[in-house]
Amino acid sequence: GWSADTINQILQFSVEVEKNYFAEIAKIRAFKLLWANVLKAFGATQIEHIYIEARLAAQSQSANENQNMISATTQSMSAALAGVNCLNVLPADHFSGTEKPFTKRIARNVQHLLKMESYLDQVLDPAAGSYYVEHLTQALFEGAWQQFVALEERG
């Protein structure tokens, strides 16, 4: 019995970010478009608020801690460029179960690098206008929307 607006205000999505830089940006952006269209279909009027939390995919981590630190930075940048609200970066050695103070510090500092050195918080939509990202986003959105409509038709 809740309205679509009420549900959207309290709902939070969580996505895993893989290593494919542009595809991850497009995936999250396409999801935001898809959810906005679902909200419109159910009569929502407040579609600007879509809360997405991102975390690094476990399968994207390797045994090499140095490689994981670099990957965490690019994966985090993908999530930030896509416009997530919350980013959870685990230490490079988290999945091996041997977290060290150094890797914890690096994981905490990834967000600071993206904000203070790349100024990603200063641009509303940094990926907007990129033909490749826009085209990939639209293709993912259209495919997902067609599947959604097909499910609705089957009832």
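To keep it simple, each residue is scored yes or no on (1) closer than 25 Å to Tyr132 by Cα; (2) not in a helix (DSSP H, G or I).
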{"residue": "Trp2", "(1), (2)": "no, yes"}
{"residue": "Arg55", "(1), (2)": "yes, yes"}
{"residue": "Pro91", "(1), (2)": "no, yes"}
{"residue": "Phe102", "(1), (2)": "no, no"}
{"residue": "Ile106", "(1), (2)": "no, no"}
Anything in the range 114-155 that is of a type in the set (A, V, I, L, M, F, W, C), part of a helix (DSSP H, G or I) and closer than 20 Å to Asn20 by Cα? List them, or say none.
Leu114, Leu120, Val133, Leu136, Ala139, Leu140, Phe141, Ala144
Within the range 24-53, of all residues that are open to solvent by 30 Å² or more (accessible area, probe 1.4 Å), assigned to a helix (DSSP H, G or I) and not basic (Lys, Arg), the one farthest from Ala80 (Cα to Cα) is Ala41
Enumeration of residues in the range 70-103 that are open to solvent by 30 Å² or more (accessible area, probe 1.4 Å), over 19 Å from Val123 (Cβ atoms) and hydrophobic (A, V, I, L, M, F, W, C):
Ile70, Leu90, Phe95, Phe102
Candidate set: the range 39-53, residues that are closer than 22 Å to Ala128 by Cβ and among the hydrophobic types (A, V, I, L, M, F, W, C); chosen: the one modelled with the lowest pLDDT
Ile47
Go through the range 10-23 residue by residue and tally those that are among the β-branched types (Val, Ile, Thr) and either free of Cβ contacts under 8 Å to residues at least 60 places away in the same chain or exposed (fewer than 15 other Cβ atoms within 10 Å of the Cβ) (or both).
1
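The values are calculated or read from the model by the stated rules, or taken from the named source; none is laboratory data. All of these numbers come straight from a predicted model, not from anything done at the bench. So basically every Cβ, Gly included, is an ideal-geometry build from the backbone, and we count neighbours across all protein chains shown. Note: accessible area is taken over every heavy atom of the protein model, side chains too, but ligands, DNA and RNA are not part of it. Shrake-Rupley method; radii C 1.70, N 1.55, O 1.52, S 1.80 Å.
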